[in-house]
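First the structure, in the form of structure tokens, and then the observations on it.
The values are calculated or read from the model by the stated rules, or taken from the named source; none is laboratory data. All values derive from a computational prediction rather than experimental measurement. Here Cβ is always computed from backbone atoms with ideal geometry, including for glycine, and neighbour counts include all displayed protein chains.
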Amino acid sequence: MVIAAGVDAGTESYEIFAIEDGLESFRCEIKTVEVMKNPEVVLDAISESNAEIIAGISGYGLPIKRFSELTNEDIFLMTLSKDEKVAVGLRPLIELILKKDINIYTIPGIIHLTTVPEWRKINRIDIGTPDKLCSVVMAMERLSEDQYYSDQSFVLVEAGYGFNAFIAVEGGKIVDGIGGTSGFPSYLSPGSIDAEIAHLLSSFPKSLIFRAGFRDYLRMKKMQNGFESLDGNVVEWMVEFMKKGVKAVEVSIKENDRIVTSGRFFKNPGYRKMFEEAFEEYEIIDLGRDKSAEGAAVIADGLAGGIFEKLVNILEIRNARGSVLDYITPEIRKHMKYQL
């Protein structure tokens with residue numbers, strides 16, 4: 001039996017989760033600010049887990065690849081930044097791992113999956129980061145108690161502290177997605193930005209992605225903006241955008257009456273209640289706490305030929321290919337800050 005671990009690099013915290021024969025054997029959470037100060041703490045936790053294979057720490061994603069084989073181009077494609085001060089401490093951690101002999105593998109983003117038609121990727125990078133794939137993995141494993149993987153269709157809705165995402169699954173395959181930076185505003189992130197606003201910007205620092213969402217708007221309006229104490233009207237606004245996200249990806253599924261929820265905002269009773277009222281015609285299944293690290297561990301187990309290999313194969317994770325920049329049209333590409 002292999003011990004497999006997953007690592008989720010979140011906006012607020014990192015989680016390391018390990019499984020042995022499908023059962024939890026280790027869990028550790030570290031504040032992202034601590035990782036940014038000292039990336040070594042993540043490697044210490046991985047060592048403590050006794051994991052033989054690890055998956056995660058993949059940023060915007062990359063087809064399955066051992067970290068020891070990563071090139072400088074790969075690292076850029078995972079972080080989309082050459083600034084070590086951004087990307088939740090990801091780049092320094094990746095570079096630290098490269099100096100060690102650790103059996104860590106990358107995880108693809110939704111855009112790398114061949115099950116998503118190419119036209120749904122045009123001029124998109126983030127249609128769901130690797131942690132969203134990990135959440136889909138956990139959703140499918142949860143639903144497999146009553147339904148074969150290949151019979152499952154649903155929309156995964158993630159309402160996180162930093163980002164929201166919507167992933168469409170049909171017949172056990174991911175077929176579409178809207179990611180945190182290509183969709184609707186969330187608590188921290190602005191989501192997609194009007195092209196006219198983008199034209200007016202003198203610059204677009206990476207950090208803007210993490211701080212121009214609802215909280216920024218509420219501060220501007222001098223309204224209550226604390227995560228735990230949002231006004232009911234504000235929650236209603238946020239849920240409206242969630243409804244738009246679900247409806248947008250649902251067009252890629254022939255029939256759907258099921259939503260699987262995940263993310264920090266669903267722990268808020270008021271938010272949860274309003275969301276359920278907005279989707280009263282759906283069966284709603286909640287994954288509970290963020291399951292991304294656990295999903296990464298399941299993927300690692302499957303890659304090692306463990307008990308979750310069938311799930312990894314159904315999702316065609318090993319068939320992932322390309323890069324996050326492959327679907328950007330030439331007229332946009334020629335204006336990009338970084339050229340590969």
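When we screen 126, 146 for residues that are part of a loop (DSSP other than H, G, I, E, B), within 23 Å of residue 279 (Cα to Cα) and of a type in the set (Asp, Glu), the only hit is 146.
If the requirement is being closer than 17 Å to residue 55 by Cα, part of a helix (DSSP H, G or I) and out of contact with any Gly (no Cβ under 8 Å at 6 or more places or on another chain), which of these qualifies: 302, 295? Answer to the check: 302.
Across region 22-37, which residue is surrounded by the fewest Cβ atoms within 10 Å (Cβ to Cβ) among those that are part of a strand (DSSP E or B) and touching an Asp or Glu at 6+ places or on another chain (Cβ under 9 Å)? The extreme case among them is 24.
Here is a check on your reading of the model: is residue 189 farther than 28 Å from residue 144 by Cβ, in contact with a helix residue (DSSP H, G or I) (Cβ under 8 Å, 6 or more places away or on another chain) and without any contact (Cβ under 8 Å) to a residue 40 or more places away in the chain? Yes, satisfied. If only one of 68, 58 is small (Gly, Ala, Ser), under 20 Å from residue 300 (Cα atoms), out of contact with any helix residue (DSSP H, G or I) (no Cβ under 6 Å at 6 or more places or on another chain) and modelled with pLDDT under 95, which one is it? Answer to the selection: 68.
Filtering region 160-187 to residues that are touching a Ser or Thr at 6+ places or on another chain (Cβ under 7 Å) and either outside any loop (DSSP other than H, G, I, E, B) or among the aliphatic types (A, V, I, L, M) (or both) leaves 164, 168, 169, 170, 173, 174, 175, 176.
Every test in (1) in contact (Cβ under 8 Å) with a residue 24 or more places away in the chain; (2) not in a loop (DSSP other than H, G, I, E, B) is passed by residue 119 save one, and that test is (1). Residues in region 314-335 that are closer than 25 Å to residue 172 by Cβ and either polar (S, T, N, Q) or part of a loop (DSSP other than H, G, I, E, B) (or both): 315, 316, 319, 320, 321, 322, 324, 326, 327. For region 253-278, the set of residues classified as in a loop (DSSP other than H, G, I, E, B), out of contact with any helix residue (DSSP H, G or I) (no Cβ under 7 Å at 6 or more places or on another chain) and surrounded by 13 or more Cβ atoms within 10 Å (Cβ to Cβ) consists of 253, 263, 268, listed by residue number.
Scanning region 291-314 for residues that are under 11 Å from residue 136 (Cβ atoms), surrounded by 24 or more Cβ atoms within 10 Å (Cβ to Cβ) and not charged (D, E, K, R) turns up 292, 295, 298, 299. All conditions in (1) on the phi > 0 side of the Ramachandran plot; (2) more than 16 Å from the chain's Cα centre (by Cα) hold for residue 56, with the sole exception of (2).
Scanning region 106-164 for residues that are modelled with pLDDT of 95 or more and small (Gly, Ala, Ser) yields 109, 128, 135, 139, 144, 150, 153.
Of the residues 57, 64, 3, 19, the single one that is touching a Lys or Arg at 6+ places or on another chain (Cβ under 7 Å) and either crowded, with 19+ Cβ neighbours inside 10 Å or within 21 Å of residue 318 (Cα to Cα) (or both) is 64.
With respect to residue 19, determine if the residue is in a strand (DSSP E or B) and within 19 Å of residue 302 (Cβ to Cβ). When the stated conditions are applied, residue 19 passes them.
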